[in-house]
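Each reported figure results from applying straightforward, stated rules to the coordinates on display, with no laboratory input. Quick caveat, the model's predicted, so the values are computed rather than measured. When we count neighbours, we look across all protein chains shown, and the Cβ atoms used for this are built from the backbone with ideal geometry, even at glycine.
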Amino acid sequence: MNVLLLSDFSKVAINATLYAMDLLQDQKVNFYLLNIYDPDPDCEDNREHKRIATQARLEERVQKLKQRSATGLHKITGHYSEDTLVNAARRFVDNYRIDLIVMGAVGHEQRHTTILGRHTFEIIYKIKCNILAVPENSKFKRPGKLLMPLDYTASFSSKNIRFLKNSGLYQGTDLNIWEISGDAKIADEEIAAKKNIFSSINDIKVKFSPLMESAVYNANTWTEVQKKFDHIILLGKNIRICDRLLHNQHGLYTSVPNQIPILVLHD
């Protein structure tokens, strides 16, 4: 597996990196630790000094991660870029055939006002790659109970759950799929066909639970989610649900503290 770790050396980014290494501890993984340096145009004289210091810090982080990885299954390399975050991430996804991007969900200074920081939100919406966003206070535990809110008006296929099926991360887990019912009329045949997509997941126990749209967008519902589930999984194609839950200014979680990693699946 090829995993891109996006890090600015902040506490939330470091926690996301360590969480990913623990989650993938039993798998052979190429980790690419990418740091984006954004030079201050008003500090030309000090730019080279900061550039050298950033590169040195990146190398230090790589060495620490190598020491932490005791199984020998992980290969860790550091990469430095002065491109924009989206451009650099997109280039890595294409050039290194990245299977998963891992980044911090939101930093300490924003965690009371949003579930995702601006950069995380931007990556989820502009890069078509599976993305794991890890909150700053998430402590690793082997995931056992997964939650996927699902809107059948979205257009998705078996391609969108390939990572869920093939990554090996969720074997033996319980996947609770909340079927969100809204005003849209969907043919029974279309619903049956989309539910059948999940029948190909042999190592995960899938349970479907109908839920009214008013309930899924209720803050009390998501407070309970924190107690019952280990990961939240969203389909990137489920734009309506992603926007309502994740929007970094207006989403539901702006009023509900979140400590659960969120996996967004793209085809």
Pairs of alpha-carbon atoms within less than 8 angstrom and 6+ residues apart define the contacts here; what relative contact order does the chain have, in percent? 22 percent
With a point put 7 Å past each Cα toward its Cβ, work out how far N46 is from N220 in nm, to one decimal. 5.2 nm
Using modelled amide H (1.01 Å from N, peptide plane; none on Pro or chain starts), what sits under 5 Å from the amide H of N130, excluding residues fewer than 5 places away? I101, H266
What is the antiparallel percent of DSSP beta bridges lying wholly in the chain, to the nearest 5? 5 percent
Burial-style ranking of 60-67, 10-17, average other-beta-carbon count within 10 Å with highest first, yields 10-17, 60-67
Entries of K195/K237; K128/K237; K159/K194; K126/K185; K165/K195 with Cα pairs more than 19 Å apart: K126/K185
Return, ordered by residue number, the residues of the range 147-164 whose backbone nitrogen is under 18 Å from a label point located 7 Å along Cα→Cβ of L211. 147-154
FRET E, pair V62, F140, Förster distance 22 Å, beta-carbon r, rounded to 0.05: 0.60
Taking only DSSP H segments of four or more residues, each worth -39500 (n - 2.57), what value at 222 nm results for the chain once the sum is divided by all its residues, to the nearest 500 deg cm²/dmol? -10000 deg cm²/dmol
Return S158, S214, S7 ranked ascending by Cβ neighbour count within 10 Å, so the fewest neighbours appear first. S214, S158, S7
Can you tell me the FRET efficiency between Q171 and K228 if r is taken as the Cβ-Cβ distance and R0 is 25 Å, rounded to the nearest 0.05? 0.80
Arranged from highest to lowest average of other beta-carbon atoms within 10 Å per residue, in what order do the peptides 216-222, 159-165, 99-105 appear? 99-105, 159-165, 216-222
